[in-house]
Every structure is written in C-alpha cells, then in structure tokens.
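Notes follow the structure.
The values are calculated or read from the model by the stated rules, or taken from the named source; none is laboratory data. All figures in this text were calculated on a predicted structure; none of them were measured in a lab. All Cβ positions, glycine included, derive from the backbone under ideal geometry; neighbour counts span all protein chains shown.
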Amino acid sequence: MLAGLLIVFPLLAALLVFMAKGKGARNLALGLSVIQFALSLVALFQLKHNPGSHQLLLNCTWIKSLGINFAVGIDGISMLLILLTTFLVPLIILSSFKNDYEKENIFYGLILLMQMALVGVFMANDGFLFYVFWELALIPIYFICLMWGGEHRAKITFKFFVYTLFGSLFMLLGLIYLYNNSMSIAGTKSWAIQDLINSGRSLGEHQQSAVFWLIFIAFAIKMPIFPFHTWQPDTYVTAPTQGTMMLSGIMAKMGTFGLLKWLLPIVPLGIEKWGGVAIGLSITGVIYGSCIAIVQKDYKRLIAYSSFAHVGLISAGILSATAQGLQGAMLQMVAHGINAVGLFLIADILFRHTGTREIEKLGGIRSMNGNFAVLFLIIMLGAVALPLTNGFPGEFLLINGVFQFSAMAAAFAGLSVILGAVYMLRSYQGIMLGERKDTHNAFGSLDGSDKAVLIIICAAIVAFGVYPKALTDIAEPAIKTLLENIK
Amino acid sequence: MKGFLVISLLGVIAMLAEVFKFKRILMPVIVLGILAAYALNYMEWTHPFSIPYFDNMISFDKIALAFTGVILITAFFWFILAHSSYEKDPHMVDHYALVLFAITGAIMLTAFTNMTTLFIGIEIMSIPLYVLAASKKENIQSNEAGFKYLIMGSFASAFLLFGIALIYGATGSFDLKEIHTYISTNAGNIPSFFYAGVVMMLIAMCFKISAAPFHFWAPDVYQGAPTIITALMSTVVKTAAFAAFMRLFMISFAGVSDVWSHILVVAVALSLVISNLTAAVQSNVKRVLAYSSISHAAFMLMVILANVRSNLSVNAILFYSLAYSIGSITAFGVLNSVTKYGKESFDEFNGLGKRNPLLAVCMTIAMLSLAGIPITAGFFAKYFVFTAMMTTSYKWLLILAVLTSAVGVYYYFKVIIAMYFKPAENHEAVKVEIASTLVIVITALLTVAIGLVPGYVAEMFTF
C-alpha cells in the first residue's frame, strides 16, 4: 500500500497544485512535498527490517493480455534514491521562493508531476512500467524548460527532448526483445523484472551485446556520458534553476540507477565484453568534462560540466561490477544530487544579487557576506570530495572499484579528483575572494529561504561525510543480493 | 451488416433533405443514425452471425465489425466537427450525402470477401472524395487537389482492375477464399502472371494508402482540400484502406508473401525516410499532417509485413487505426478552428497557449500521441508495431523506424513550441463553437484514456 501511495501522492499533490490560485501554490507545493518526504521516511522505517529483497511490494494487473503489471517495490537501492528525490524536491521548491515565475501553479504542479515519475522509475519492478515512468519524467521537465527557460530555450529544450527520446526508444526495442524472448524461459511473455533478467541471461554473447548497447545508449544519454552529452550543458544553463536542479540532482540518477538495477543483472556477458569500452567512455567523459569546466567563464556552465564529470565516474564505478564500485556509486549518487542542488542554488543566488554569473566579473563577495562565503565553501568542498564531506567516501569507493577492474582506468579516473579541485577552487577564488568589483556593490544578506536551503544542504554534506554508514547500511544488503545474482 | 445498411440509407435520406425541406434537422438525424448504426454493429459483435451476403460478396466477420466500429466512431466525431464549417454552406446537404456515401464505401472495404466488392467499395469511397476535395470551387488549390486526386485515383484503380483480371485469369475466381485455396493447393505450380497480378494489386493499394513511392498525390490533395475533408481522408479513408489491405494481403495472399513482402519492405523504408525528412522542412501544417499520415501508414504496413497472421497483428492494426484516427480528429479539429480565417502555417498556432488554453492542451495531447509518447494511445500503437516486428527478420527496419520517429518528433513539437513559446500577432481569444470544443476535448481525453487502459481495445480479438 505504502509503495502505491508514494507514487499516487505526488500525482494527487500535482493536481491539487494545478488548481491552486496565485501565491498559495508555492506554499501548498512545499507542504505537500514535505509530506511526501515524511512518507518516504515511513517507508525507510518499514524497510529496515529486511532490506535485502524487495519490500513493500504492490502488484496489480495493468494490461493482462500483454503481461504488463503495475508492479512496484522498494529495495535498499531504490530506497536511497527515493529518499534523495523526496528530500531534494522540497528544497528545490523552497529555493525557488525568491524567483517569481509566471503561472506558478503550473510550475510547481509540473515539478510534483516529475517527482511522481521519478519515484515511479526508482520503484518499478516491471520493465514496461519502468519505460513508461522513464518517458513520463521527460514531459514535465520539457515544459518546465520550455516555458520558464532562458535564451534560445525552444531550440535547446527541443534538442534535449529528441536526444533523450531517441535513446529511450532504443531501450524500448531492447526491452521488447527481452520480453519476446522471455517466452522460452518463463513459459509466457512477461515484463516482470526477474523474468527479463532470466531472459537476458539465457541469451548468447552476441545477442547480449546487442541488448547491452540498445539499453546502454538510453542510460548513457540520460546521465549523460561521453559522447552522448552534447545536449546537457546547454540544457542545464538554459533551464530555470529549479529545472536544472531536477535535471542534475535527480534525473541524471535515473541513468545511473538504470545501469545498476536493470542493465547490470540482465546482460552479464554483454558487460563482460563491452563493459571495458563503456568504462573507457565514462572516464573519457570525466576528464573531458573536467577540462572543459576549468576554462568556463559562466559559473552555471562550469557546474554543468562538473556534473557531467561526476556522473561519468559513477557510471564507471557501476560498470566495474564490484561491491566497492556499486556501493560508491550509491553514495556518490546521493552526494552528487545534494551538492548539485546546492551549487546550482549558489549560481542562482549570485545571479539574483549581482546580475551576472561570469566568474571574471565577480569577486570579493566574501568580505560582503561572510555567512554566504562559509556555506558556499562547505558545498564547494563537498563537490571537491574533501574527506569528512559527503563527496569523499563515494569517490574513494568508486575509484577503488574501478581500480579492481583496471589499474590504468583508475589512474585516469583519479584525475577527476585533482581536476575537480582545480576548477572548483579556482571558481571559488574568482567569485568570493580577491578584489571587490563594482557590479555587485550591494550584495546584501541572504534571503531566509535561500539560507534555509543552504544550511540544510551543508548539514547533509557534513553529516553524510562524517557518518556515511547511515547511507551504506540502507543499500548494502540490496547490493549484495544484486552481486550474488550477477556472479 | 445492419449498420452498413443504415449508413447507406442515411445517405439517401440526406439527398432528400433539400427536396422535403428538413435541412435543419438533417444534422441531428445523421448523428443519431450513426449512433444507431454503431449500436446495431455492436449487437452483431456480441451475437455474431457471420453469414455471407449476396452470393458470398460481403461478409461481416469480427474483423469487419471491429473496423466498422472504428469508422463509425470517427464518423460520429467528424460530423459534429464538420457542422460548424457547413452550417451556412448552401451545399451542405450535397456534402453530407457525399460523405455518407464515402463512409458506405469505407465500410464495404472492411467486409469484402470478393474482388468485385473490393473494387466497388474503393470506387464508392473514392468518387465522392474526388468531388469533396474540389468542393471549394473558387479556390484554385482545391480544384487542383480534386483533379490530382481523380487522376491518381483512377490510375490506381486501373492497376487494381488489371491485377484482379490477371488473378482471375490464373485462379478462375474472384472469391478470396477460393484464391486462398488455389494458392495452397497449387504451390510451386502457379503461373507467373498470377504474381504479376498480386504485385499490381499491391501497387494499387499502396497508392490508396499513400505509401512511398506512390505518395506524391497526398501532400497536394491534403493541402488543397478543405481542412475538414482532409480530416475525413486521413481518418475514415485510411482506416478502411488498411482494413482492405490487411484482408487482402495478410489473409488471401499470405501464401505468396515472399513475393510481395520484398516490395513492401522497400515501400515501408522509403515511406519512413521520405515522409519524416520532408515533413520536417514544411511550413504548411496540412502538408505536415499529410506527410505524417504517410509515416503512420508505414508503421501500419510494418504490421502487415510482420505477417504474424495472428490476433496480435489484427489487434495491432486496429489499435493503430483507432489511435491515429482519434488523434487526427483532435488535431484537425484544432487546426480547423485556428486557421478559419488565416493561412495554414505554423504561425497560426503562435500563442495559442494564451489565446485558448484548453485547445492548446488538447492539441498538445494529440501531438504527443501522434509522436508516440506515453501515456497516450499513439504510444501503445507504436509499441504493438515494435512487438510484432521484433519477431521477424526485419529488425533493421525497427532501427530505421526509431531514427525516423525521432525526426518526426521535430515537426510535431514545432506546433507545441509555437503554441507555448512564440508570441501571437493578434491577442484575440480563439473562439470555437461549443460542439467542436466538446469533440476536441472528448477525443483528447479518449487518447489519454486509451493510453492508460489500452487493454480494452487491445484485447478485442481473443477468439
């Protein structure tokens, strides 16, 4: 029941918010998303008893003749991502309070609708349902970017939409192939995740490779990893800040989650054969994204590229198919989600207070607002993965996992830490330290809502940096089961 | 069968309306008549009695009844939509009568069991359409459309007749069942002109459903004909042509599929590529919808190509027809309301999100459905095609289909972007008659409803 509620509640919340009038919409949206967070905490509490297998199952028939069921469930892996989603959405809504959007009710309604689809993706236990939620998540964010985005938004959001749709259609082909094949294994065509996994495993190496690429492309575009990333920087920059937060904080995790939960167990032979190439692509993206981030002038664009680099490392860790790699990926997904929201909010605050995001035009803000400088510093250090921040344990485990796959790959992946420090520290230096410049004479104090979001994010960064076990404990049993399945 | 008779009777009644002066109540009479026909059709569905009529010329089996149902549903919506365009037209009665006869022909095409009925059905359906396409007499494009349609249509009919003649020469029969038996008993012993006949019929049918490379008439005719007639052509006519195509090739000529399937593969691949690439550079919305209908035809042809000869394929084509027809009714309904006084370019949609939000939302749903995005009917239509094709050896065609549908999204989304993103030149609200609005909203809701619970339609053929 609770599993269904986690999906239905944001849907109802979205409908309610659509109907709200005027400024009430934002408060209503915030309130409802906090309730959703509370619901996911209840789910966490229930899951604690036996997190290894799927808990909180719900299975209703959707289309009987096609073997499609509305089957959802939560295991440790999905639990972490659901928590991440439900934790971030209220923060994202709260962070928007200082931006006045036209037609607020639609804006917040779409965010909640997207939340519904995201939670659905993380919970789906049925291949078809997974695909439907996967696509559904795309529609609200498309309209958010199209209606409230910046310059050239029509062109850029369109590219984003077609790119991702293109990938997911290939995934659909791959899934249909598995579905048709499940006839020989399960005796009847079935979309259930376990049947798809069995169906995938029964295939020969050749077919598994084909299925691997069909499905991998969809995930690779969504994350994105090199060379499927060209939609990402423009979209992140053009989208309204809250849209960017949804995209990089949560939606990028759909790709990594899919890789971990769906691709890894379905085509072990395919991964054995092509995993190395995919890791190579991921790590190329890590270095490529970091290098481009170093030379960026626009701070929001810099974060976009850094996000691209971080996600590449997560993907490499997952594809290494080692316990450390997977565990690190889970930690890093959470950490990156939280940090990305923090960093994009900082970019937004800078823009609101000074009218620019260009690093060269900024400087010396620390002397004007010390509190902001401290909060920014903590979030920045989290992104750099300094020990005792939430970025560190994840990155450490990821590189460890990649190392077990190939020392060479790990050496290159390790560059991400160094390069990350370079662009992050450099941008911090440029924006906060140095000379005061005229453009931002009146930086002023932070608004209450911004301050609240930044403090919560900083608290999370430190808390999970000091005690990452709180997160690993949730995911560990599920990862163990997953790995046992693969071997 | 009873539904079929009711519709033809309605056509006769419509012709009498002018003489006996009940023009004003003609519209309600027709709508009620269609509902009655649908009810009778449904009763036959629940108590099927598949008797062949007229010396085995026509037979309403379950497939025919299902496709007739789709045609009647679209016709029902079409008439309500059309009324606002024809209300003040002095030739309203003639138009309605012609449309009803075209629908009669369409229903005949779903149920033929004999080559002669096939030919008669096609002619009954096409001849009124030639006239209707040219019905904007003062408009030169409309005249061109009618003329082109007539020339091309006759050309196709000639091919069809020649094909039928050759097949008759080989088999000595017009009857579909006898041809089917002939193929299976004389395997390896069939004269080559029989195959020539099959190929000629294939070409003729490809003309009718406007599959590439026989599609050249479609964009011009769609553009030139009055919008509401274009709506009729891309829904009722398409559905009927596909029902005929399916009955002919999936059932009668299934035994010689290795002859026609090679040709059909080329037609499908060409249709996919040409339609989507050309549509992307058009500025006239009706032309775009014409090319989009070619692309949808290619998708439906893929099911015939998959040739699974099971309930699955019939379901897939039926579902596709329904999803496409309903989506098109919404799209053409909005198009008809928006472009009433202006041109037919994408600019007419500018700012519709503000000028009439309800219409804009419905149009968005229709476009999402035509583009095949979940959770709309159009997505499931594509899904069934993918599932059917995945079992065949033509998997490369699927990759092509995916690539071209990504291109397809481009032109569907052009409309959405225009509605929400581009500023309008005039800020007047777009006013639409209540009846048309109702049709648009109901069809949009149906699109979503079928997308949510496709089972009801998809499970129709469980015999």
Quick one: would you say A:LYS155 is at the interface with chain B (Cβ under 10 Å from one of its Cβ atoms), outside any helix (DSSP H, G or I) and out of contact with any His (no Cβ under 8 Å at 6 or more places or on another chain)? no
Would you pick out the residues in the range A:176-205 that are touching a Lys or Arg at 6+ places or on another chain (Cβ under 8 Å), surrounded by fewer than 17 Cβ atoms within 10 Å (Cβ to Cβ) and touching a residue at least 24 places away in the same chain (Cβ under 8 Å)? A:GLU205
Could you tell me whether the range A:466-480 includes any residue that is crowded, with 21+ Cβ neighbours inside 10 Å and over 28 Å from A:MET123 (Cα atoms)? no
Would it be correct to say that A:PHE396 is of a type outside the set (A, V, I, L, M), surrounded by 15 or more Cβ atoms within 10 Å (Cβ to Cβ) and closer than 22 Å to A:GLU272 by Cα? no
Inspect all residues belonging to the range A:135-146 and state whether any of them is out of contact with any strand residue (DSSP E or B) (no Cβ under 6 Å at 6 or more places or on another chain), touching a residue at least 60 places away in the same chain (Cβ under 8 Å) and among the charged types (D, E, K, R). no
Which residues, taken from the range B:434-456, are within 12 Å of another protein chain (Cβ to nearest Cβ), buried (at least 19 other Cβ atoms within 10 Å of the Cβ) and in a helix (DSSP H, G or I)? B:ILE450, B:GLY451
B:LEU305: within 25 Å of B:ALA424 (Cα to Cα), among the aliphatic types (A, V, I, L, M) and either in a loop (DSSP other than H, G, I, E, B) or away from chain A (no Cβ under 14 Å) (or both), yes or no? no
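Within the range A:209-273, which helices (runs of 4 or more DSSP H) (wholly inside it) include 2 or more residues that are more than 13 Å from the chain's Cα centre (by Cα)? Walk me through how you get there before you give the answer.
Working: elements: A:232-238, A:241-244, A:252-258.
Per the criteria, A:232-238, A:241-244.
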Let me confirm something: among B:ILE190, B:ILE164, B:ILE179, B:ILE151, which residue is modelled with pLDDT under 90 and either of a type in the set (A, V, I, L, M, F, W, C) or within 14 Å of B:MET201 (Cα to Cα) (or both)? B:ILE190
If we ask which residues in the range B:377-433 are away from chain A (no Cβ under 11 Å), crowded, with 17+ Cβ neighbours inside 10 Å and closer than 14 Å to B:ARG355 by Cα, their number turns out to be 3
Subset of the range A:15-36 (residues that are closer than 26 Å to A:VAL132 by Cα and crowded, with 22+ Cβ neighbours inside 10 Å): A:VAL17, A:ALA29, A:LEU32, A:SER33, A:GLN36
Output the residues belonging to the range A:158-196 that are more than 11 Å from chain B (Cβ to nearest Cβ) and polar (S, T, N, Q). A:SER182, A:SER184, A:THR188, A:SER190, A:GLN194
